[in-house]
Amino acid sequence: MIIKARNLSKVYNQNSEAEFFGIKDVSLEIEKGELIAIVGPSGAGKTTLFNMLGTLDTPTFGQLEIKDKNILSMDYNEKSKLRNEVIGFIFQQFRLIPTLSALDNALLPLLVSESGIDLPKKEKVIQLFYKYGLKNQLNKYPSQLSGGEQQRVAIIRALVNEPDIILADEPTGSLDSKMSAFVFDTLQRIHEEDGKTVIYITHNMNLVKKASRIIKIEDGSVILDETCGY
Ligand code: ADP
Ligand code: ADP
């Protein structure tokens, strides 16, 4: 089991009149290699759950283990280290740096990591551009790329530290349906070919259908957790 959450809750504005459960008592066991769609209406708590699973925010109650490590007992630095090693993030807005080339954007996680960057590592990242159909985009700036291309660069950036888990918050939310399918295909390859655990929030029914498991959130709770046979 790669992620284990037990009775996870996030209380916003705790001990004030505006106290509010973003998620409440969420328990999940996620196995390595699952392809999970998180669905639910706006305001349901999907991003809150995403932030908890990604160790970007701290649960108010409950337990969370990632790769058998207890997240809630970790300090800030331990969490950052684990996050950098284990999780790759993809967001709706691609969050590329406009003044860096596509390649340099993808290399950023290596630049800021402890081990740094060397030629073999750089070569590996370039290979990912070839693999995902971006070889002609290596030296272009984000403004010169289509939305789908920008998101695929962001996916490569999420992969460079060889994470076990990919967390994607509406990865195709800014793309038209054709681009969405194309970008999602890349995520599916990462799941199928590399055996990564991919967890994505989406409102796109076509992409929900492709998941190996669907988790539906409403009012902060899991109201459906279904493994899809295929
Ligand atoms: P979703 O991603 O499903 O749209 P969110 O997780 O963003 O839902 O939000 C769940 C609920 O928690 C919403 O009602 C939202 O307004 C509230 N919420 C989210 N973040 C905060 C915050 N930082 N402070 C207070 N309330 C928040
Ligand atoms: P998305 O719909 O793309 O998931 P949201 O609109 O739910 O994003 O939230 C965007 C950001 O604003 C998140 O970081 C969330 O934590 C924060 N946020 C959402 N609702 C509230 C709120 N009621 N109060 C404060 N922050 C909020």
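Table for the structure above
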| read-out | value |
| --- | --- |
| Distance between modelled label sites at SER80 and THR227, nm, 7 Å Cα→Cβ extension | 3.8 nm |
| Per-q log10 I(q)/I(0), the range 24-136, q = 0.12, 0.19 Å⁻¹ (Debye; single scatterer per alpha-carbon; no solvent) | -0.59, -1.20 |
| For the chain, calculated [θ]222 nm from helices alone, where every DSSP H run of n ≥ 4 adds -39500 (n - 2.57) | -10500 deg cm²/dmol |
| Per DSSP, loop GluC sites (Glu not before Pro) in the range 1-88 with at most 16 further Cβ within 10 Å | GLU17, GLU19, GLU31 |
| Added length on full extension, which subtracts the Cα-Cα distance from 0.36 nm per residue, LEU100 to VAL112 | 2.8 nm |
| Shape category assigned to the range 125-230 from the gyration tensor of Cα positions, a/c cut at 1.5 | prolate |
| Loop-located GluC sites (Glu not before Pro) in the range 105-203, at most 15 other Cβ atoms within 10 Å (DSSP) | GLU114 |
| Percent of Cα pairs exceeding the 21 Å cut-off, where the set is the range 3-227 | 56 percent |
| Stretchable slack from LEU119 to LYS178, in nm (0.36 nm times residue separation minus alpha-carbon distance) | 17.7 nm |
| Contour excess over end-to-end distance, with Cα ends at TYR12 and THR60 and 0.36 nm allotted per residue | 16.4 nm |
| Order of MET52, MET1, MET74, MET205 - criterion: other Cβ atoms within 10 Å of each residue's Cβ, fewest first | MET205, MET1, MET74, MET52 |
| Acute angle (nearest 10 degrees) that the helix 76-86 long axis makes with the longest principal axis of the chain, alpha-carbon atoms | 60 degrees |
| Degrees, to the nearest 10: 147-159 long Cα axis against longest axis of the chain | 80 degrees |
| Loop-resident sites, the range 24-58, for trypsin sites (Lys or Arg not before Pro), counting at most 13 other Cβ within 10 Å (DSSP) | LYS32 |
| Share, in percent, of DSSP beta bridges within the chain that are antiparallel, nearest 5 | 55 percent |
| Relative contact order of the chain, defined on C-alpha pairs under 8 angstrom at six or more residues apart (%) | 29 percent |
| Cross-link pairs LYS135/LYS209; LYS46/LYS79; LYS4/LYS210 - those with Cα-Cα distance over 26 Å | LYS135/LYS209 |
| Percentage, to the nearest whole number, of Cα pairs in the range 8-71 over 13 Å apart | 67 percent |
| Residues LEU49, LEU100 arranged by fewest to most Cβ contacts within 10 Å | LEU100, LEU49 |
| Crossing angle, helix 102-112 versus the chain [Cα axis fit, 0-90 degrees, rounded to tens] | 60 degrees |
| Ranked ILE36, ILE2, criterion: other C-beta atoms within 10 Å, fewest first | ILE2, ILE36 |
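A short reminder: the numbers here are calculations on the coordinates, not readings from a lab. Just so it is clear, the structure is predicted and the values come from calculations on it, not from any experiment. Every residue, glycine as well, gets a Cβ built from its backbone with ideal geometry; the counts of neighbours run over all protein chains shown.
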